[in-house]
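Take a look at the structure below.
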Amino acid sequence: NYFSKNPVTGKKVDWYTDFYYPLLNQWAERVRMVTSPDKLIFVEPVPNEFCPTSLAEHQPANMVFAPHWYDLNALFAKAFGDFTVNVQGLSRGMFPLKTFYWGHKGARENYTLQIRNIVEKAHDSLGERPVLLGECGVPMDMNKGEAFETGDFKWQARMMDALITALEQSLIGFTLWNYNPANDDERGDDWNGENFSWFSRGRALPPSLLYYEQDAPSLDNGGRILQSIVRPYAAKTAGIPIHFQYEMNTGTFTYTWVNSTPNPASQTYLKGEKSVFKPPRTGHPALMSLETELFLPSQLAHGRTVIVKGLDPGDKHRYDESRQTLFIVCQDASLDKVHSIVVSLDPPLAPAFAVNDFWGDFGGTITSILVAIAAIVTYFFLL
């Protein structure tokens, strides 16, 4: 069995070093022969797994680490509700009760922990290589396809928000699976029994009724759970991002970044302190501009006032709805200067759902039971 033992040497086979890395580097070499020697190579390990430590010595030049991640419990069961499980932790021996999460707040925390672990393990193995989540998504046919009957995709919207919130808080780019212009409720994506497309041709207007201007609302017709997908993000940052958090139920987001320096000698923190929240602030190219650009969709901001708080005196901001961009210019370019803004909309967005958690849902009941038990114990104690 050459999948378990090398027939020539008799040594136990390692899938990565014996099969994957040779294929990876041969493929990278051939691609660059017909394109460019600087072509970026996106490398994916086994989905949902941490970056193998052996990749560091076998990685091709100009590599982008591009792992895939899905909520495996929801994916295989095609079901999602208030109860979620940290499959990553469970598979690595975590105490089961610590892997259980309740409510939307719990789902956000669960997904954030798992994705952050993948990102940080990648940096532990590879150093400061770019990391992009190469594939992630939400099954639209979950919960026995009930949304196809009711038209209410609330659970898909909640799951997508939890997923993208985790990606935002882990400061990682991603590829959302998927957009399929031929999708419909019956056939799904017409591949492998999947139905992940957040656009459905079966729910869209026919082409003859569409307006094709860039800002035409009819182009969004057929989109599902757009309130979870259409979100602001930092397109260009004059510095190093260190925090982003968006609340889709109000349209408010917080963004924090720090001025960097090209001088690696000014590194001030220990290696063990590195995380997605403490990226290296040194050794980066010198800033060519003081302007930060944030994508702020007109779908959110149209008809509303964009409010920016947290800027220092002399800093400027401008929102251009036609370009769906919020421009921020901060005057203080000194080393390690932290900029933090809170952007909100007036009036705020209408809430799509409640961000519930365990104590919010059951705290009152649990408290009542404990009070009743205490009263009974006290009664018998005083007899």
For this session: All but one of (1) at pLDDT below 95; (2) among the polar types (S, T, N, Q); (3) in contact with a helix residue (DSSP H, G or I) (Cβ under 9 Å, 6 or more places away or on another chain) hold for Gln156, so report the exception by its number.
Result: (1)
Exercise. For the subset of segment 178-230 comprising residues that are among the polar types (S, T, N, Q) and crowded, with 19+ Cβ neighbours inside 10 Å, which member is nearest to Glu135 (Cα to Cα)?
Worked result: Ser197
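To keep it simple, each residue is scored yes or no on (1) touching a Ser or Thr at 6+ places or on another chain (Cβ under 9 Å); (2) over 17 Å from Lys309 (Cβ atoms); (3) not hydrophobic (A, V, I, L, M, F, W, C).
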{"residue": "Cys330", "(1), (2), (3)": "yes, no, no"}
{"residue": "Leu335", "(1), (2), (3)": "yes, yes, no"}
{"residue": "Ile341", "(1), (2), (3)": "yes, no, no"}
{"residue": "Ser344", "(1), (2), (3)": "yes, no, yes"}
{"residue": "Pro351", "(1), (2), (3)": "yes, yes, yes"}
{"residue": "Asp361", "(1), (2), (3)": "no, yes, yes"}
{"residue": "Ile373", "(1), (2), (3)": "no, yes, no"}
{"residue": "Thr378", "(1), (2), (3)": "no, yes, yes"}
{"residue": "Leu383", "(1), (2), (3)": "no, yes, no"}
Problem set entry | Which numbered condition Gly314 misses (of (1) touching a residue at least 60 places away in the same chain (Cβ under 8 Å); (2) assigned to a loop (DSSP other than H, G, I, E, B); (3) closer than 23 Å to Asn259 by Cβ) | (1)
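Which members of segment 238-278 meet the condition of being outside any strand (DSSP E or B), farther than 28 Å from Pro347 by Cβ and modelled with pLDDT of 80 or more?
Once the filter is applied, which keeps residues that are outside any strand (DSSP E or B), farther than 28 Å from Pro347 by Cβ and modelled with pLDDT of 80 or more, segment 238-278 yields Ala238, Gly239, Asn259, Ser260, Val276.
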For this session: For segment 125-135, state whether one or more residues are under 30 Å from Lys39 (Cα atoms), part of a helix (DSSP H, G or I), among the small types (Gly, Ala, Ser) and modelled with pLDDT under 95.
Result: yes
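Can we say Ala162 is within 28 Å of Phe65 (Cβ to Cβ), surrounded by 16 or more Cβ atoms within 10 Å (Cβ to Cβ) and either in contact (Cβ under 8 Å) with a residue 40 or more places away in the chain or β-branched (Val, Ile, Thr) (or both)?
On the way: within 28 Å of Phe65 (Cβ to Cβ): yes; surrounded by 16 or more Cβ atoms within 10 Å (Cβ to Cβ): yes; either in contact (Cβ under 8 Å) with a residue 40 or more places away in the chain or β-branched (Val, Ile, Thr) (or both): yes.
Judged against the criteria, Ala162 is a match.
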Exercise. Does Ser334 qualify as being in the same structural domain as Ile242 (by TED's automatic domain parsing) and modelled with pLDDT of 95 or more?
Worked result: no
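The values are calculated or read from the model by the stated rules, or taken from the named source; none is laboratory data. Computed from a prediction, not measured in an experiment: that's the story for all the values here. Quick reminder, even Gly has a Cβ in these numbers, built from the backbone with ideal geometry, and neighbours come from all protein chains shown.
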